[in-house]
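S.K.: Provided herewith is a single structure, encoded as structure tokens, for subsequent inquiry.
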Amino acid sequence: MIEINGSAEALLFDKANYFEKKGRFPRLVITERSCRGAMFRLFFTKIEAEDQALDAGRKKIYVAPNVVSEFNGFVISTERFFFARRFLIMPKKQSYDCDCDSKCDNNK
């Protein structure tokens with residue numbers, strides 16, 4: 001369900017090792033639904049009881065079950081954001097289910 005490239009897997013491994021000591025684990029969350037599609041971020045937080053664990057190389061990423069079924073999995077890589085690397089998360093199946101009423105034509 002998750003395809004992760006080497007750079008993203010190494011970054012995930014390092015961050016997860018740091019945060020696991022504090023009881024926080026990688027959790028994939030929808031941060032926005034817009035006319036451009038759904039946007040995702042990886043937060044290191046407590047695991048929810050209903051979360052599904054997905055293999056991402058040497059670590060697991062936790063995702064709400066409805067997110068997995070709606071987007072058919074994810075492709076994770078990294079991108080440069082100013083001087084730092086960050087995760088670039090793309091769903092395998094995008095959803096243009098806008099939560100806006102007048103900005104786009106996708107909510108018919």
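Any read-out appearing in this document is the output of simple, stated calculations on the displayed coordinates, not a laboratory observation. From a predicted model like this one, the values you see are computed outputs, not experimental measurements. Note: ideal-geometry Cβ built from the backbone for every residue, glycine included; neighbour counts use all protein chains shown.
S.K.: Have a look at Val68, Ala56, Phe19 and report the one farthest towards the positive end of the charge dipole of the chain, computed about the Cα centre with Cβ charges (Lys/Arg +1, Asp/Glu -1).
M.R.: Looking along the dipole axis, the top candidate is Phe19.
S.K.: With axes computed from alpha carbons, what is the tilt in degrees of helix 6-20 against the longest principal axis of the chain, rounded to the nearest 10 within 0 to 90?
M.R.: 70 degrees
S.K.: Return the FRET efficiency for the residue pair Asp14, Met39: r is the Cβ-Cβ distance, R0 is 25 Å, and the value is rounded to the nearest 0.05. Walk me through the numbers on the way to the answer.
M.R.: Details: r = 24 Å, r/R0 = 0.94.
Once the sixth-power term is evaluated, E becomes 0.60.
S.K.: Counting Lys +1, Arg +1, Asp -1, Glu -1, what net charge surrounds Lys59 among other residues with beta carbon under 13 Å of its beta carbon?
M.R.: Working: positive: Lys15, Arg24, Arg27, Arg58, Lys60; negative: Glu9, Asp14, Glu20, Asp55.
Taking every other residue near Lys59 into account, the sum is +1.
S.K.: Still on this structure, please answer the following. Could you tally the net charge around Gly73, taking each other residue with its Cβ under 13 Å from the Cβ of Gly73, Lys/Arg +1 and Asp/Glu -1? Could the numbers behind the result be given before it?
M.R.: Numbers: positive: Lys92, Lys93; negative: Glu3, Asp55, Glu70.
Its environment carries a net charge of -1.
S.K.: Kindly provide the trypsin sites (Lys or Arg not before Pro) of region 1-84 that DSSP labels as loop, not H, G, I, E or B, and whose Cβ sees at most 15 other Cβ atoms within 10 Å.
M.R.: Numbers: sites: Lys15, Lys21, Lys22, Arg24, Arg27, Arg33, Arg36, Arg41, Lys46, Arg58, Lys59, Lys60, Arg80; in loops: Lys21, Lys22, Arg24, Arg36, Lys46, Arg58.
Those satisfying the criteria are Lys21, Lys22, Arg36, Lys46, Arg58.
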